[in-house]
1. Restricting to Cα atoms and excluding each atom paired with itself, what does the Kirkwood estimate give for the range 25-74 in Å?
2. Sorting ASP52, ASP33 on the 10 Å Cβ count, fewest up front, what's the list?
3. Order 76-82, 13-19 from most to least packed using the mean count of other Cβ atoms within 10 Å.
Amino acid sequence: MGVALSDPEGILASPLTIIERENDESAINAIIDIVNNREVGNIIVGLPHSMDGTVGAQAEKVMSFVDTLRKRTEVPIEYRDERLTSVSARRILSAGNRKAKKKMRDDAIAAAIILQSYLEEVRRPLELE
């Protein structure tokens, strides 16, 4: 799974790493380590809706994983629609990059796209005041 972080001001999201999900416990431990070491204030999780907007089997797996994660951290967790973020990530990478570690970069960039969308959404009401 791709991981991205924002700058302290919450303006720009950047890809951080990929967590290899061997099992839920190891993935949750890796997330908790990042949360604690990077002083994360919110966790934004991409939820894979079907193209028609419904919640399918993969989204249910993500929600089950997040339910387990919620038991291990007090950091607020929010979902964001991740439809087409992998496609956007591939387009960003297609400008001259090679295939080495391509899947890893796709996932991390997709995570950054999801986080950037969230940052822009929460910043918008502040800009209107």
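Read-outs throughout are calculated quantities, based only on the coordinates presented, and are distinct from any laboratory measurement. The structure displayed is predicted, hence computed values, not measured ones. Methodologically, a virtual Cβ is constructed for each residue, glycine included, from the backbone with ideal geometry; neighbour enumeration extends over all protein chains shown.
1. The answer is 12.0 Å.
2. Ranking ASP52, ASP33 by Cβ neighbours within 10 Å, fewest first, gives ASP52, ASP33.
3. 13-19, 76-82
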